[in-house]
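Peer 1: Below: one structure in structure tokens.
The values are calculated or read from the model by the stated rules, or taken from the named source; none is laboratory data. Because the structure is a prediction, the values reported are computed rather than measured. Cβ placement follows ideal geometry from the backbone for every residue including glycine, while neighbour counts extend to all protein chains displayed.
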Amino acid sequence: MGALLNGYRHSADNCPYTYRCTIPFTNYQLAVTLRDVSFEINKINSPKMDVRPDHIFVQFNEHFVAYLDHQKPDIDISQMSNVYKYTKIIRMPPGGDWIQTALVDLELALKNPKNRFQLIRIHSFDDDAGKTVYNKLENILQSLGDRKVHVTRFCARVVDGPQLLSILPHLQPGFLKSIEIEHNVDLAESIHSLIDSQQWKKAQDVEMYAIETPIPIECLVHLRRFDVWIESIEVHDLLKLRDNLIISPIFEMCSIRSYSGSAFDIVEVQKILGLKQPSSERPQSMLLYSIPNSDAILEIYVDNHYVYIEKA
């Protein structure tokens, strides 16, 4: 890959380092400034990126690479050799752009119109570096014009809604089946843009962790599976879920966790949904609903801050 393997000194004017790939990839031959590149772009199907304050971890299939700022102390990635076939640390020279270098290989993969990705995952653990990465990625994706990236599953750890929406619109609706969002993201100004997007409407699976913004229940009922952690959920939301999911042709299961709202009043839940008295010491309720024109049933479990619904 572009800067992935076997860094060594190379005597050339203004060229202190050249990174050469020694793996015999031959499908594409790409000449890149300061580097000789040779790799099979079509074999990159699950690029993953973890952004830190002064380094980035990038995973391309069997390759795990750490791109470091020139002042970053050494880090130990030896444990990654148990997971990835190839591991490498690339330290940038003074003035080198470690973020841009990390994105070069990803850009080549994203710009290949034949690529079909199983997964694209971008996790940001630093606000400033994360914003820089998302801005650069947005520029890359905007350069594609009307063409969208074909990826089945998109996972993002973001700080705010605009970061998420800088990437999501560039992914092919319908081909994108799964959306995963995590890390206390504030979607207050972006929630309607998110749930109105074709990517969201045509997705089948959604996972959202520690979301600070209330999510309308109506935007979840078209999904096959969803697992969301939201601030609060009310009893009337359970009623909406029950009435919509019982008629859904694709629904399989869902779980909703309320991490800061009031606990369910079990007595009220039992009254509104007709749940039976809990049979154990744990305050849990269960009810079975028959699905019209089907032998299947809808199982609903309710606990203090947790709801689980499954088609059985």
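Peer 1: In the stretch 133-161, what count of residues is obtained for those that are touching a residue at least 60 places away in the same chain (Cβ under 8 Å) and more than 16 Å from the chain's Cα centre (by Cα)?
Peer 2: Residues meeting the conditions: 0.
Peer 1: Is there a residue being among the acidic types (Asp, Glu) and surrounded by fewer than 17 Cβ atoms within 10 Å (Cβ to Cβ) anywhere in the stretch 173-184?
Peer 2: Step one: list which residues in the stretch 173-184 are among the acidic types (Asp, Glu), which gives 180, 182.
Pick out the ones that are also surrounded by fewer than 17 Cβ atoms within 10 Å (Cβ to Cβ) and you get 182.
Taking every residue of the stretch 173-184 in turn, at least one turns out to be among the acidic types (Asp, Glu) and surrounded by fewer than 17 Cβ atoms within 10 Å (Cβ to Cβ).
Peer 1: Consider Lys136 carefully, then state whether it is at pLDDT below 90, closer than 16 Å to Tyr67 by Cβ and not aromatic (Phe, Trp, Tyr). Talk me through it step by step, then tell me what you get.
Peer 2: Numbers: at pLDDT below 90: yes; closer than 16 Å to Tyr67 by Cβ: yes; not aromatic (Phe, Trp, Tyr): yes.
Yes, satisfied.
Peer 1: Right, something else. Which is under 26 Å from Asn45 (Cβ atoms), among the small types (Gly, Ala, Ser) and out of contact with any His (no Cβ under 9 Å at 6 or more places or on another chain), of Ser197, Ser255, Ser190? Can you show your working first?
Peer 2: Working: Ser255 fails: under 26 Å from Asn45 (Cβ atoms); Ser190 fails: under 26 Å from Asn45 (Cβ atoms).
From the options Ser197, Ser255, Ser190, the qualifying one is Ser197.
Peer 1: Aliphatic (A, V, I, L, M) and more than 27 Å from Lys201 (Cα to Cα): does that describe Ile89?
Peer 2: Working: aliphatic (A, V, I, L, M): yes; more than 27 Å from Lys201 (Cα to Cα): yes.
Spelling it out, Ile89 is indeed aliphatic (A, V, I, L, M) and more than 27 Å from Lys201 (Cα to Cα).
Peer 1: Still on this model: Could you grab me the full set of residues in the stretch 140-171 that are of a type in the set (S, T, N, Q) and either over 23 Å from Asp196 (Cα atoms) or touching a helix residue (DSSP H, G or I) at 6+ places or on another chain (Cβ under 9 Å) (or both)?
Peer 2: Gln142, Ser143, Gln163, Ser166
Peer 1: Now, a different point. How many of the residues in the stretch 181-203 are modelled with pLDDT of 90 or more and touching a Phe, Trp or Tyr at 6+ places or on another chain (Cβ under 7 Å)?
Peer 2: So the count comes out to 1.
Peer 1: What pairs come out if I take residues in the stretch 226-252 that are over 12 Å from Ile215 (Cβ atoms) and pair them with residues that are part of a loop (DSSP other than H, G, I, E, B) and charged (D, E, K, R) whose C-beta lies under 6 Å away, six or more apart or interchain?
Peer 2: Correct list of pairs: Ile250/Arg224; Glu252/Arg224.
Peer 1: For the stretch 44-76, give me each residue that is surrounded by 17 or more Cβ atoms within 10 Å (Cβ to Cβ) and among the hydrophobic types (A, V, I, L, M, F, W, C).
Peer 2: Those that are surrounded by 17 or more Cβ atoms within 10 Å (Cβ to Cβ) and among the hydrophobic types (A, V, I, L, M, F, W, C): Ile44, Met49, Val51, Ile56, Phe57, Val58, Phe60, Phe64, Val65, Ala66, Leu68.
Peer 1: Anything in the stretch 71-100 that is touching a Pro at 6+ places or on another chain (Cβ under 9 Å) and farther than 22 Å from Asp127 by Cβ? List them, or say none.
Peer 2: Listed by number, the list holds a single entry, Pro93.
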